[in-house]
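What follows draws every value from the coordinates through simple rules; no lab data is involved. The structure presented is a predicted model; accordingly, all values stated were derived computationally and were not measured. In this analysis, Cβ positions are derived from the backbone assuming ideal geometry, glycine residues included, and neighbour counts consider all displayed protein chains.
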Amino acid sequence: MTSITAMPTPPLLEMRGIVKEFPGVRALDGVDLVVRPGEVHCLLGQNGAGKSTLIKVLSGAHAVDDGSILWNGEPISFADPQAALAAGVATIYQELDLIDGLSVADNIFLGHEKARGGITRDADMNRSARELLKTLGHPEIRPTREVGSLSSAGKQIVSMARALSRRAQIIVMDEPSAVLDPDEVDGLFRVIGDLRSSGAAIIYISHRLEEIRRIGDRLTVLKDGKTVASDLPARDTSTADLIKLMTGATVSSIFPRRTTGLPEVRPLLSVAAIGRDQEFDDVSFDVRPGEIIGLAGLVGAGRSEIIETIFGARKAARGTVTVDGKRLRNGSVDSAVESGLGLCPEERKSQGLILDDAVYRNISLASLDRYARYGISSEGSERRAAHAAARSVDVRPDDPDRIIRTLSGGNQQKVVLARWLLRSCKVLLLDEPTRGVDVGARAEIYALIRELADSGVALVIVSSDIDEVLGLSDRVLVIADGRVVHDGPSDGIDASGVLDRILAEHDTTTDQKGDAA
Amino acid sequence: MSATDTSTTLPSTAGRGGGSLGVARNLGLVIALVLLCVVGIITSGDRFASTDNMLTILRLAAVIGVVSIGMTFVITGGGIDLSVGAIVALSSVWATTTGTQSMADDFGWIVMVFSAVIVGTACGVVNGVLIAYGKIVPFIATLAMLASARGLAEIIADRKTQIITDQGFTDFFGAEPLGIPMIVIIFALVTLVGWFLLNRTTFGRRTFAVGGNPEAARLAGIKVQRHTVYLYALLGTTCGIAAVMLMSRTTTGSSTHGLGYELDAIAAVVIGGTLLSGGRGTVIGTLFGVIIFTTLTNVFTLNNLSTSAQAVAKGVIIVVAVLLQQRIADRKT
């Protein structure tokens, strides 16, 4: 089957109203995805939009809570990974799921080895592996070679050969280009083109819009666990439209405005020309007490790296960070915390919280010394103070002994905020403060951020949601490709202005890459 | 008798860290111990249910108990230590060389105690530094210590058993104030201090945090690497103390002391309810774990059953305890 004409073919896969809940968060909240044979279908969305969860549903790793899946028009359920593979869905994960110590052929046929009476037929497998690799245009990869000795690109080819060996009709690729250099990406795209013309469908996930334009046929955009756009032509949809769909350009009145003027005082936080190789460079800004600085930009622009470097979680290669006139020790989190810095990290669960511990113990984590004398904690006063902090940010339910894991995303975020509130930090760095937080709790968190600023805390906010950055901050820095491309008051720029700045930067770098090639 | 005394402290400690399920888990341990005692009374009657026999059990539990309390901290903090038996051996040998013993003659037997504790602590510091700063996984780092500490003990002792000649040392640790053997008193003190340290101090809280989510602990300003060193050093110290207790019980220092302690200590900690993955730990549970194992040994010995049969029973207990633990963990999520 080689039809890639404009004539609509019946869908191979049709997912409707898919819902997947985890304790405290609805990761998928009504996702629709329709994939036709012989197309490269791109899946777009911010981190946390639900792409990874959707892939796991498709590959049988997660069972759905609601919604229907049709495969060639027939209802199907991907109960476990074997069922998904049997139906014809193969997934190539971002962290490639290959076993380094086994040979190329062993990896390709892992789980469906060619064997007779339990004894593997190595010659047979090697021969088939060689054919598959040849089909993929990589006959130079020897089937007997150990996978661990291959480059990332080579491993990806092996993963694809594995998908082919399963006679997959849909191959899901999760950010396949993230680990490749430009030449290897070209090779990958050639292979994808071949697969498509052989009739297989590809679900392609990437943050890189220019790739989607090169390789994609149609695309679906996810935001907050919902499909916000589907069936868009991948080549002709404008970048601005895509970014608007992903970030949600819905300006609303949920952002509380500043009520008092900013005092003309010395800045609390001064960041001077910090940089890290390959990540970002020459980032400078000051934050006065009560001021909110926003860092806007796309995923991968270097925003989180900047904020983590300020906090000392990464070591700066250049530049200095000063808090209240005192220079921070480079690459030392405890010196930053000591000086009054706090961080609400991007990955709340893995970086911010001890999930199986109580609310109050998570809140007091950064202030243990305050509630102890000679190292002996005063449990009562600690718990009371932490409870008061939890109440001041309205953590629900109002139970300081509750285990964090059972709270919703919004309430978990409030616990992290309460931690720094209790420590009465002077400067608070917030990385994606409303990721995985539902709309109602979002407004509460915005109000809390405003209250903190009004009480004299200096804040730095990073968010993929451009409206959030603009709505909250006094001044906005637009980051693209690790550099500050715009620095000005937030009321002097709107969302499309920010997008223009990003795109302008984007275009020039793309041009440079084009010139270099 | 002390065994039943400690059970009265259960309700107040059970709620910590594990929520209401902690009660259930410790309740399981109490039931297991009671069942063992019932078996003991039925099969051996008064020979089991005598004060003398209770003290025998506690004396038997004391040395491995002290090591297990230290192990509770390391495992709660997300680590593991396979070298405890070897550290006990090295400490006991170091503290009983002719050199140390002649110094003890001049300055008092306390010199021997100090050398054992300092050697133990130093080994722990080496473990901790290799793991926290050298980034060697705990299993491997302490495996290396296991091999080299026992090897060093053999070299120093020249594979001979070193007899303790100091009468003051044997008198002090052999004493039985109020009828309770000194080493049982030391075990009780270490348990009390351990419980307090884990549940009532910032050190304990940091231990839970470092074991529960090291990245979150680091980003909350906790010095995770330094704390890891402290944890292994603390376990080294308890190994040193255990070495002193073993020296008094056997009146010797030997490179064969403490064989198999690592497995006994880990088993006691795990059946007590401390999670091997870290983040949750209980000193009281460990105390129960140790006493359950020694009571088992005692019951088997009284009935003239072989040590091989004991080993089988021990294995079964470990598996059942861990299965129960997983059941509880599953119900929680």
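Key figures
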quantity: Angle between chain A longest axis and helix A:439-454 axis [Cα atoms, degrees, rounded to 10]; calculated: 40 degrees
quantity: Of the DSSP H helices in chain B, those whose Cα atoms cover at least 27 Å axially and whose Kyte score averages 1.6 or more; calculated: B:21-44, B:110-132, B:283-302
quantity: A:Arg235 long-range amide H proximity, modeled H, under 5 Å; calculated: none
quantity: Charge dipole of the protein assembly as shown about the Cα centre (unit charges at C-beta), most positive-ward option of B:Leu130, B:Leu296, A:Gln412; calculated: B:Leu296
quantity: Viscosity 1.306 mPa s, temperature 10 °C, Stokes-Einstein D of segment A:370-433 from Kirkwood C-alpha radius, µm²/s; calculated: 125 µm²/s
quantity: Amide H contacts under 5 Å for A:Leu268, placed H, 5+ residues apart; calculated: A:Val287, A:Arg288
quantity: For segment B:300-315 and segment B:110-166, distance of Cα centres in Å; calculated: 31 Å
quantity: Sum of side-chain charges, A:Thr144 neighbourhood, beta-carbon under 12 Å (Lys, Arg +1; Asp, Glu -1); calculated: +1
quantity: Helix-derived mean residue ellipticity, 222 nm - over chain A, DSSP H n ≥ 4, -39500 (n - 2.57), to 500; calculated: -10000 deg cm²/dmol
quantity: Angle between chain A longest axis and helix A:182-197 axis [Cα atoms, degrees, rounded to 10]; calculated: 50 degrees
quantity: Point-to-point label distance, B:Asp106-A:Arg167, nm (Cα→Cβ direction, 7 Å offset); calculated: 8.7 nm
quantity: Shielding by partners, peptide A:349-355 (average Cβ within 10 angstrom, other chains); calculated: 5
quantity: From phi via Karplus (6.51, -1.76, 1.60), per-residue ³J(HN,Hα) for segment A:335-351 in Hz, x at Gly/Pro; calculated: 5, 5, 5, 4, 7, x, 8, x, 10, 9, x, 5, 8, 4, 6, 8, 10
quantity: Under 13 Å, Cβ to Cβ, from A:Asp282 - net charge with Lys/Arg +1 and Asp/Glu -1; calculated: -2
quantity: Shielding by partners, peptide A:401-407 (average Cβ within 10 angstrom, other chains); calculated: 2
quantity: Dipole magnitude (debye, nearest 20) for chain B, charges at Cβ of Lys, Arg, Asp, Glu; calculated: 1280 debye
quantity: Theoretical FRET efficiency, 1/(1+(r/R0)^6), r = Cβ-Cβ of B:Ile155 and B:Lys135, R0 35 Å, to 0.05; calculated: 0.75
quantity: Ellipticity estimate at 222 nm from DSSP helix runs (n ≥ 4, -39,500 (n - 2.57)) divided over chain B, nearest 500; calculated: -25000 deg cm²/dmol
quantity: Nearest 10 degrees, 0 to 90: helix A:379-392 Cα axis against chain A principal axis; calculated: 80 degrees
quantity: For residues of A:369-382, the mean tally of beta carbons on other chains within 10 Å; calculated: 3
quantity: Cα-centred dipole magnitude for the protein assembly as shown, charges only on beta-carbon of K, R (+1) and D, E (-1), debye, nearest 20; calculated: 1460 debye
quantity: Globularity ratio of the protein assembly as shown, using Cα Rg and 2.2 N^0.38 Å; calculated: 1.11
quantity: Virtual spin-label span in nm between A:Arg142 and A:Asn72, 7 Å along Cα→Cβ; calculated: 4.0 nm
quantity: Chain lengthening between A:Ser496 and A:Asp80 when straightened (0.36 nm per residue, less Cα-Cα); calculated: 145.4 nm
quantity: Size of electric dipole in segment A:27-247: Cβ of Lys, Arg +1 and of Asp, Glu -1, about Cα centre, debye, nearest 20; calculated: 540 debye
quantity: Translational diffusion coefficient (Stokes-Einstein; Kirkwood radius from C-alpha pairs) of chain B at 20 °C, 1.002 mPa s, in µm²/s; calculated: 106 µm²/s
quantity: Approximate spin-label separation A:Ser230-B:Asn303, in nm, with each point projected 7 Å along Cα-to-Cβ; calculated: 6.6 nm
